[in-house]
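Report on the structure given below.
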Amino acid sequence: MADLLFLVVALVILPISSPVLALSFNHYGQTCPQLEHAVTGAVKKAMENDKTVPAALLRMHFHDCFIRGCDGSVLLESKGRNTAEKDGPPNISLHGFYVIENAKKAAEAECPGVVSCADILALAARDAVALSGGPTWDVPKGRKDGRISMASDTRQLPGPTFNISQLQLSFSQRGLSLKDLVALSGGHTLGFSHCSSFQNRIHNFNSKVDIDPTMNPTFASSLRKVCPIHNKVKNAGATLDSSATLFDNSYYKLLLQGSSLFSSDQALLNTHKTKSLVSKFASSREKFEKAFVKSMIKMSSIGGGGGQEIRLDCRVVN
């Protein structure tokens, strides 16, 4: 896996981010040398009891980074009149927060008051991928935790119904390219989606057809059985790909076959460049993994870790 380690970190500054700090791979080399072992242990233990943990952690990290940069703001609880990010509509289905809390406790036992919750989340997301059969990589560290978390900001998150123009704008505003968009979308190889996120493709697609014509008819039919138009099953839905607990490149293969769930997935086939990348990643797991690692390092550096503190409890500001 040595070829998957990238030694250059692109620090991306969001307009909404705080002053940028320097991230480095050996940030805790002297102050908390057992940090990564502690985080990996917490993720591994959680996975033994819940196979959905890897997808949850990867999605949590993504949703954290896309709001105010990777500052752990998604971990904060709502308080008083303020509704926090985790209680915003796109984040209601986020789960697995206890994994980060357990990893933080383990880190605090090793080195009190040293490690940020934002760094723990970035490490846990990496471990989620690696422990699911995907690549591993060196995570740049040194983020500080933010003190602001507002549910209203979650409207900035790219949604499952986004078209290619909306996706490109959302990613470019955060310094991420079309290649990053396609590579990071590969994270959909892990996890599950509720019916509401793809209902638009299998019922009342438009005034002329009921089902999105770009969908494989057999696949669409199977989804309609699980998610009828008047669905009353609370947690009904479908896995994001056919091997939803294994990190591989099957997401791209299914996408080319018309068997992807979201409009935002299908949108990747709507430009020559993005479709070419989908085909490239579908044909080579190695090329996908290399691109995914590079894009994850880039995404996890959005904002440069410019929070204000090292939280003692990931759920509340100090």
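Neighbours of residue 210 by Cβ distance under 11 Å: Lys/Arg scored +1, Asp/Glu scored -1, total +2.
Relative to the longest principal axis of the Cα atoms of the chain, helix 272-283 runs at roughly 80 degrees.
Measuring nothing but how far apart in sequence close Cα pairs (under 8 Å, 6+ apart) lie, relative to its length, region 30-110 scores a relative contact order of 39 percent. Computed in the context of the full set of protein chains, the accessible area of region 195-292 at 1.4 Å probe radius has 53% of its extent on carbon or sulfur. The label point for residue 31 and the one for residue 280, both projected 7 Å from the Cα toward the Cβ, are 3.8 nm apart. Peptide packing for 224-231, 252-259, 199-206, 111-118 was compared via the average number of neighbouring C-beta atoms within 10 Å per residue; ordered from the highest value, the list is 111-118, 252-259, 199-206, 224-231.
Put simply, the amide H of residue 192, placed in the peptide plane, has neighbours under 5 Å in 240, leaving out anything fewer than 5 places away on its chain. Summary value for the chain: 31 percent relative contact order, contacts being C-alpha pairs under 8 angstrom separated by 6+ residues. Listed by chain and number, the aspartates and glutamates whose alpha-carbon sits under 13 Å from that of residue 232, ignoring those within fewer than 8 places in the same chain, form an empty set. Under a model in which nothing but the beta-carbon of Lys, Arg (+1) and Asp, Glu (-1) is charged, the chain shows a dipole of about 720 debye around its Cα centre.
Using the Cα gyration tensor of region 205-269, with a ≥ b ≥ c the square roots of its eigenvalues, what is the shape: rounded (a/c below 1.5), prolate (a/b larger than b/c) or oblate (neither)? Taking the square roots of the gyration eigenvalues as a ≥ b ≥ c, region 205-269 is oblate. Label separation (residue 234 vs residue 173): 3.4 nm, computed from points 7 Å beyond Cα along the C-beta direction.
Between residue 273 and residue 318, the contour length at 0.36 nm per residue exceeds the Cα-Cα span by 11.6 nm.
Helical content of the chain, expressed as a calculated mean residue ellipticity at 222 nm, amounts to -12000 deg cm²/dmol (DSSP H runs of 4 or more residues, -39,500 (n - 2.57) each, divided by residue number, nearest 500). Peptides 40-51, 85-96, 183-194 ranked from most to least packed, by the mean per-residue count of other Cβ atoms within 10 Å: 183-194, 85-96, 40-51. Global dimensions of region 233-318 from alpha-carbon coordinates: Rg and Dmax equal 17.5, 50 Å. Here the contact order of region 144-211, divided by its residue count and restricted to Cα pairs under 8 Å and six or more residues apart, works out to 21 percent. What you get for region 175-312, charging only the Cβ of Lys and Arg (+1) and of Asp and Glu (-1), is a dipole of about 120 debye around the Cα centre.
Local charge for residue 26 was computed over the other residues whose Cβ lies under 15 Å away, with Lys and Arg +1 and Asp and Glu -1, and equals -1. Straight-distance candidates among the lysines for linking to residue 273, with alpha-carbon spacing under 19 Å and chain neighbours fewer than 8 residues away dropped: 179, 253, 287, 290, 294. In the chain, taking the dipole from charged Cβ atoms about the Cα centre, the farthest positive-side position among 148, 238, 121 is held by 238. Excluding same-chain neighbours fewer than eight residues apart, the aspartates and glutamates reachable from residue 225 by a Cα-Cα span under 19 Å are 210, 212, 241. Accessible surface for region 24-127, divided over its residues, is 42 Å² per residue with a 1.4 Å probe.
Solvent-accessible surface of region 142-196, averaged per residue with a 1.4 angstrom probe and all protein chains in place: 41 square angstrom.
The values are calculated or read from the model by the stated rules, or taken from the named source; none is laboratory data. Just so you know, these numbers come straight off a predicted model, no measurement behind them. Neighbour counts are summed over all protein chains in view; Cβ atoms, including those assigned to glycine, are modelled from backbone coordinates with ideal geometry. The accessibility values were calculated without ligands, DNA or RNA, using every heavy atom of the protein model including side chains. Shrake-Rupley method; radii C 1.70, N 1.55, O 1.52, S 1.80 Å.
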